[in-house]
Amino acid sequence: MTLMDILGRVESREKTLTVFNSDVPEHVFQDIETHFAVQNVAVRQAQTESGLPRDFAVLYKGAEFLAASPLSDLREALAFEGKLFDTTDFDSLPNPEVLTHVDDTVFTSYSKRRMILASREIEERAWRVGGGELHVGFQRLSLLRDQWDLYEKIVESGCEAHVYGSLDCDLPESSLAIHATEENEIKRTWFVVFDAPDGATDCALLAEESEPNRFYGFWTYDSGIVGEIRSHLRETYPLGEETTLSSLS
């Protein structure tokens, strides 16, 4: 198994949400598309011969049926996004079945700037939690130098930080776990993986540099995928004598 194997498998998990027999305004359909675009779900419209049932949304994985919900329930649930409400409102929140079958996985194309912003969110989460493990691929370890203080703070918070990349510079002695490697999958991918102490705040970003400064990959809160990436990195790139901190200082 490689990082590219994991990336390819997540890509194949794309689902399709088909909205049947609906005449909702175009802007409403576009709002639904926008919501699901970042969750690896393609949105389609279709008409049945009978025209029934009206305004119904069906979620598929390939040809496999997963769930179905009235479009009105789905629209009501999405309307709650970004709104503030009291905890007493929780029981009244709509919970259409199609949403319970959609995970938080993203598969899209990111610019370098968007990759940096996404990475910062995970790094901040690791710092705030102050525990668990953070695994980060820098492609080339020289890219770590400008972020040295940031990663020192993450380690000081109580989070174990592992960094990976080609050893193309000298690095100071540190409490970071540095995995120097010339393996191609490390040099061609960008990843930030936070394995939280309790698993409740696990998250990961994994992408391939498909062209200069353009990255194709995914963002996930799926603890299973996060654990799989972490295990692969741990098993494939152990911290050996050749990558000890003193040898890099």
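The values are calculated or read from the model by the stated rules, or taken from the named source; none is laboratory data. These numbers were taken from a predicted model, which means no experiment stands behind them. Positions of Cβ are backbone-derived with ideal geometry, glycine not excepted, and every protein chain shown enters the neighbour counts. Just so you know, the surface numbers come from the protein's heavy atoms only, side chains and all, with ligands and any DNA or RNA stripped out. Shrake-Rupley method; radii C 1.70, N 1.55, O 1.52, S 1.80 Å.
Neighbours of L143, meaning other residues whose beta-carbon lies under 12 angstrom from its beta-carbon, give a summed charge of +2 when Lys and Arg score +1 and Asp and Glu score -1. Beyond 18 Å, the tail of the calculated P(r) for the stretch 2-50 holds 44 percent of the Cα pairs.
Modelled label positions at K187 and R44, each set 7 Å beyond Cα in the direction of Cβ, lie 4.1 nm from each other. Among V28, V102, V43, the largest mean-square fluctuation in a Gaussian network model of the chain (Cα springs under 10 Å) belongs to V28.
Using helices alone, I'd like the mean residue ellipticity at 222 nm for the chain: each DSSP H run of four-plus residues gives -39500 (n - 2.57), total over residue count, nearest 500.
The per-residue figure over the chain is -9500 deg cm²/dmol.
Take every pair of alpha-carbon atoms less than 8 Å apart whose residues are at least six positions apart; their mean separation over the length of the chain yields a relative contact order of 18 percent.
Once the Cα gyration tensor of the chain is found, what semi-axes does its equivalent ellipsoid get, as square roots of 5 times the eigenvalues, in whole Å, sorted largest first? Walk me through the intermediate numbers first.
Numbers: eigenvalues 335, 76, 43 Å².
After diagonalising the Cα gyration tensor, the semi-axes are 41, 20, 15 Å.
The number of Lys pairs in the chain with C-alpha atoms less than 26 Å apart, excluding pairs fewer than 8 positions apart on the same chain, is 4.
Sort W190, W127 by accessible area with a 1.4 Å probe, largest first.
Greatest to least solvent exposure: W127, W190.
Whenever you get a sec, compute what percent of the accessible area on the chain sits on carbon and sulfur atoms (1.4 Å probe). Solvent-exposed carbon and sulfur of the chain make up 48 percent of the total. If you plug the beta carbon distance of R234 and S157 into 1/(1 + (r/R0)^6) with R0 = 25 Å, you get a FRET efficiency near 0.75.
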